[in-house]
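Here's the structure we're looking at; comments come further down.
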Amino acid sequence: MEKSIKRYLRVFPWYSGFTGDLLFYIAVDTLFLTIVKNFTPSQIVSVTSLSQLICIALQFPVLFIIRRIGNTASVRAGALFLLLSALFISFGPTYFSVLLGRIFHDVAVIFRSASVVALENNLDLIDRRKDFVRLRTAANTVYSVVTMLISFVASYLFNLNHYLPMIGCITTCTVGVILSLFMKDCSPYNKIPSRRKDGTKMKVRYNRIILLSVVLYAGFYALVSSGQGEGKLFIQQNILLSFDVEQTSLIIGAMICVSRVIRVLSNVVFERLYGKYRAKMGVILLVLLGTALALMLFGSTIPPVAVKIVVMALGYTVVLFIRDPYRLYAQDVLFSATPKDQHQTLLTVLEFGVKIATAGIGLGFSAILLGYPMIVVMAIMLGLSVLEILSGVVLYRWISRPQG
């Protein structure tokens, strides 16, 4: 058992890094969908929104499956669904085949969450729970380094052949499937029964801290996803006003390269910052989210093209800087405050909230884009981020003085 656990701990950062998303594709997604698939901005936004809406209905059925097949099988299922996602998005000839690929991606995210629960379970077996933050940070660092290296070549590969980044995506997904075969949850919590030994039903007791944490997490990642997706599309539209497609591709690629380097640095320093500021990190990260959206929005109004690009790119970079730390912050806070048999359900609830928020915001944005420019969407996102900050302050006070 100890040998299997140590192997899991060695493989986990690499598995997490290679299955963290559709590598290569995320660096050229809007370009690929615009130029290769001939999607309009509204179609690009709606693909994400509709897939999230469909996965809302699938969220708890998938949780039921995870409980039945266990964390070990779920880790492998997550990697397999991600590979199917890459294949459908790459070679699907219609809007609906690309939508199906996106649905596979979102289902993969649900199954992959079992790897985090299995990590904590295995660490507890060898009395190393204190290493949870370190190993999660290591996993985020692997992902950010890999995506940084990809960002250096993705635009070049896209210009060389529009399908080369997708071949790279399929290759990395295949590596993820292979790595998943070496991962096993050795704990008794691999499969969670629906009832305890005394016959009572397994369920989470939701207090105000858990509820507000879920709402904040959902809103944060809905806005981060929009900031990364719609934000990049917004920047791309502004650059295309002054440059051709090939030049725009190179500029977007350079922006992504810088943002990926910053993302690596955020994971390197986060463990130290989290140890120092802990509860305050939630508010700090929310303020940075609002700052990022403000930079992209107001940067678009700056006349000099070079300054415009730098300011907007800085906003996009901040979005990448805060993405990983907030997830780790939210998971660690909830895991520390709840029993182990509730952790898989809580992770599912967190992602369920994200899907509801992302689908709702995305569908709303799709409707807005039918009659209004992207700048209106960015302004709405900035307003929502202010509400997130105010709610984050309330949560911080509750965590600091839970008796209140």
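The values are calculated or read from the model by the stated rules, or taken from the named source; none is laboratory data. Computed from a predicted model, the values in this text were never measured in an experiment. All Cβ positions, even for glycine, are placed from backbone atoms using ideal geometry, and neighbour counts span all protein chains on display. Protein only, heavy atoms only, side chains kept; ligands, DNA and RNA dropped before computing areas. Shrake-Rupley method; radii C 1.70, N 1.55, O 1.52, S 1.80 Å.
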Output for the stretch 358-382, where each listed residue is within 21 Å of L295 (Cα to Cα), in contact with a Leu (Cβ under 8 Å, 6 or more places away or on another chain) and not small (G, A, S): I361, M374, I375, V377, M378, M381, L382
Scan of the stretch 246-301 for residues that are over 16 Å from L314 (Cα atoms) and aliphatic (A, V, I, L, M), ordered by number: L250, V268, V269, L273, A279, M281, V283, I284, L286
V28 open to solvent by less than 60 Å² (accessible area, probe 1.4 Å), closer than 20 Å to T345 by Cα and part of a helix (DSSP H, G or I): no
Residues satisfying the stated conditions in the stretch 89-125, i.e. among the polar types (S, T, N, Q), part of a loop (DSSP other than H, G, I, E, B) and without any contact (Cβ under 8 Å) to a residue 24 or more places away in the chain: T94
Where a residue in the stretch 362-387 is closer than 17 Å to K232 by Cα and in contact (Cβ under 8 Å) with a residue 12 or more places away in the chain and its partner, wherever it lies, is open to solvent by less than 70 Å² (accessible area, probe 1.4 Å) and not in a helix (DSSP H, G or I), with Cβ under 9 Å and at least six apart: L369/T40; M374/S300; I375/S300; M378/S300
Hits in the stretch 277-311 - residues which are in contact (Cβ under 8 Å) with a residue 12 or more places away in the chain and not in a helix (DSSP H, G or I): S300
Any hit, the stretch 295-315, residues being polar (S, T, N, Q) and within 20 Å of F220 (Cα to Cα): no
Some residue of the stretch 112-119 being over 30 Å from V318 (Cα atoms) and in contact with an Asp or Glu (Cβ under 8 Å, 6 or more places away or on another chain): yes
Cβ-Cβ under 9 Å pairs, at least 6 apart or on other chains, the stretch 241-256 side more than 15 Å from F32 (Cβ to Cβ), far side among the basic types (K, R): S242/K308; M255/K232
Given (1) in contact with a Ser or Thr (Cβ under 9 Å, 6 or more places away or on another chain); (2) at pLDDT below 80; (3) open to solvent by 50 Å² or more (accessible area, probe 1.4 Å); (4) of a type outside the set (F, W, Y), number of the condition R263 does not satisfy: (3)
Search result, residues across the stretch 370-397 that are over 26 Å from the mean Cα position of the chain (by Cα) and open to solvent by less than 70 Å² (accessible area, probe 1.4 Å): G371
Lone unmet requirement of (1) aliphatic (A, V, I, L, M); (2) open to solvent by 20 Å² or more (accessible area, probe 1.4 Å); (3) within 19 Å of the chain's Cα centre (by Cα) for A86: (2)
Filter result for A359 (small (G, A, S) and surrounded by fewer than 22 Cβ atoms within 10 Å (Cβ to Cβ)): yes
Residue in the stretch 310-325 that is open to solvent by less than 10 Å² (accessible area, probe 1.4 Å) and aromatic (F, W, Y) present: yes
Unmet requirement for Y372, which otherwise passes all of (1) under 29 Å from G253 (Cα atoms); (2) not β-branched (V, I, T); (3) not in a loop (DSSP other than H, G, I, E, B): (3)
Selection within the stretch 126-155 - among the charged types (D, E, K, R), over 17 Å from the mean Cα position of the chain (by Cα) and part of a helix (DSSP H, G or I): R129, K130, D131, R134
Residue check for R112: open to solvent by 20 Å² or more (accessible area, probe 1.4 Å), under 24 Å from I65 (Cβ atoms) and among the charged types (D, E, K, R): yes
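Listed here are the residues, each with its yes/no results for (1) within 30 Å of Y329 (Cβ to Cβ); (2) charged (D, E, K, R); (3) touching a Leu at 6+ places or on another chain (Cβ under 8 Å).
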site	(1), (2), (3)
A138	yes, no, no
T141	yes, no, no
S151	yes, no, no
A154	yes, no, no
L157	no, no, yes
L160	no, no, no
P165	no, no, yes
T171	no, no, no
T174	no, no, yes
